[in-house]
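The values are calculated or read from the model by the stated rules, or taken from the named source; none is laboratory data. Just so it is clear, the structure is predicted and the values come from calculations on it, not from any experiment. When we count neighbours, we look across all protein chains shown, and the Cβ atoms used for this are built from the backbone with ideal geometry, even at glycine. Side chains included, ligands, DNA and RNA excluded: accessible areas come from the protein's heavy atoms. Shrake-Rupley method; radii C 1.70, N 1.55, O 1.52, S 1.80 Å.
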Amino acid sequence: QLPGSEEERNTWQEANRTFWQSHPMRYDWKQEIGHEEFSEGFYKEIDRRFFSNVYEYIPWRNIPFDPLVDFEKLGSQKMLEIGVGNGSHAQLLASHAKSFTGIDLTDYAVKSTSQRMKVFNLNAEIRQMDAEHLEFPDSTFDFIWSWGVIHHSANTEQILKEMYRVLKPGGEATTMVYYRSWWRYYIWGGLIHGIILGDLFKTRSLSKTVQRNTDGALARYYKKKNWREMLENQGFTVNYIVVRGPKTDVVPIPGGKLKDFLMRMIPNAITRFLTNRCYMGGFLIAKVTKSMG
């Protein structure tokens with residue numbers, strides 16, 4: 001559902017801000033980073049963990065994410081990232097883009113990513129901003145990137161509207177949102193967490209059960225058809241929508257030595273087949289274009 005009033009929207013966004021301020025994406029759930037916060041080693045260790053995970057389901061040729069990003073073309077583009085987190089994407093994209101602007105709802109992310117740009121001597125503008133109200137003129141950017149962010153917002157449709165507004169005619173955007181997959185949503189969420197672990201008897205709602213076991217103060221899950229319709233309703237031309245997902249999506253057991261062992265034993269090619277081709281992955285990735293008219 002969407003917020004019923006501006007007051008409710010503000011309440012939801014504040015809950016989002018509070019959650020991500022205290023749970024920044026550092027990939028340190030099982031093991032400490034082991035470096036001083038905001039140091040070069042700190043950022044390199046975050047990137048090592050993040051990109052090694054990404055390679056399992058989106059292997060690249062030369063540069064991380066090059067199956068999704070035309071890095072040569074990016075060199076002539078003015079780009080925006082919505083939701084910078086600790087700046088792994090920001091550093092990668094800013095080092096190739098003509099100009100880079102990154103925004104985030106939390107001041108922690110702005111501080112961390114700004115410091116990262118200084119550490120690695122990159123030119124970038126990092127600002128604290130609510131993506132539902134982008135503070136940029138119409139037709140500002142050639143390319144927008146947002147990875148695992150906009151489905152957490154109070155009004156995701158409003159973000160799409162703002163993205164369309166600030167993109168130049170012919171501009172492109174790539175987004176990743178959570179996929180309402182038969183495996184990740186209904187088996188993991190409904191059967192395992194809901195029935196076997198008993199959450200469904202407490203919440204009496206599949207949606208609430210899934211939310212209890214998802215990151216963020218709130219998160220939406222979309223089917224391919226629904227997401228395509230939302231994008232097209234805002235005026236975008238959809239170039240493609242694909243399902244992808246991390247290797248962990250395939251093994252529905254809590255983290256620990258057993259899960260780590262199974263993850264090592266299963267070849268990446270097999271888990272990519274399951275997550276990408278059998279739609280067991282939890283990520284819905286779309287590339288869209290703003291019309292020239």
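Each residue of segment 103-109 in turn: what ³J(HN,Hα) in whole Hz from Karplus with 6.51, -1.76, 1.60 and θ = phi - 60°, glycine and Pro shown as x?
Result, rounded to whole Hz: 10, 7, 6, 9, 6, 4, 4.
With a cut-off of 8 Å between alpha carbons and a minimum separation of six or more residues, what is the relative contact order of the chain in percent? Each step should come with its number before you reach the end.
Values: 499 pairs, mean separation 53.0, N = 293.
Answer for the chain is 18 percent.
Would you mind checking which residues have amide H under 5 Å from G171's amide H? H placed 1.01 Å from N; only 5 or more apart, or other chain.
Residues meeting the criterion, in which the H sits 1.01 Å from N, are K290.
Could you pull out the GluC sites (Glu not before Pro) across segment 55-158 that fall in loop regions by DSSP (anything but H, G, I, E, B) with no more than 12 other Cβ atoms inside 10 Å?
Details: sites: E56, E72, E81, E125, E132, E135, E157; in loops: E135.
Within segment 55-158, the qualifying GluC sites (Glu not before Pro) (loop, at most 12 other Cβ atoms within 10 Å) are E135.
Return the FRET efficiency for the residue pair R277, S39: r is the Cβ-Cβ distance, R0 is 35 Å, and the value is rounded to the nearest 0.05.
It comes to 0.30.
Quick one: which residues, 5 or more positions from I126 or on another chain, have an amide H under 5 Å from its amide H? H modelled 1.01 Å from N in the peptide plane, none for Pro or chain starts.
Result for I126 returns G102.
Stretch S291-F71 to full length: gain in nm at 0.36 nm per residue minus the Cα-Cα span? Working shown, then result.
Numbers: separation 220, 0.36 × 220 = 79.20 nm, distance 2.18 nm.
Going from the current span to full extension adds 77.0 nm.
In nm, to one decimal, how far is the N10 label point from the M265 one, both placed 7 Å along Cα→Cβ?
5.5
Got a number for carbon plus sulfur as a percent of segment 23-182's accessible area, 1.4 Å probe?
Numbers: 3100 of 6720 Å².
Ligands and nucleic acids excluded, carbon and sulfur reach 46 percent.
How much accessible area per residue does the chain have, counting only protein heavy atoms and a probe of 1.4 Å, in square angstrom? Walk me through the intermediate numbers first.
Working: 14230 Å² over 293 residues.
Per-residue value: 49 Å².
Pairs of Cα atoms under 8 Å, at least six residues apart: use those to get the relative contact order of segment 16-135, whole percent. Show your work: numbers first, answer last.
Working: 162 pairs, mean separation 29.1, N = 120.
With pairs under 8 Å counted, the relative contact order is 24 percent.
What is the percent carbon and sulfur in the accessible area of segment 210-283, measuring with a 1.4 Å probe over the protein chains and ignoring ligands?
Details: 2240 of 4000 Å².
About 56 percent, which is the carbon plus sulfur part of the accessible surface.
In whole Hz, with x marking every Gly and Pro, tabulate ³J(HN,Hα) for segment 233-238 from phi via Karplus 6.51 cos²θ - 1.76 cosθ + 1.60, θ = phi - 60°.
5, 8, x, 6, 8, 8
Report the calculated FRET efficiency for I195 and A219 (r = Cβ-Cβ distance, R0 = 25 Å), to the nearest 0.05. Could the numbers behind the result be given before it?
Numbers: r = 21 Å, r/R0 = 0.84.
The formula returns an efficiency of 0.75 here.
Just the number, please: percent antiparallel of the DSSP beta bridges in the chain, rounded to the nearest 5. Don't skip to the answer; put the middle values down first.
Values: 15 of 35 bridges.
Expressed as a percentage, antiparallel bridges in the chain total about 45.
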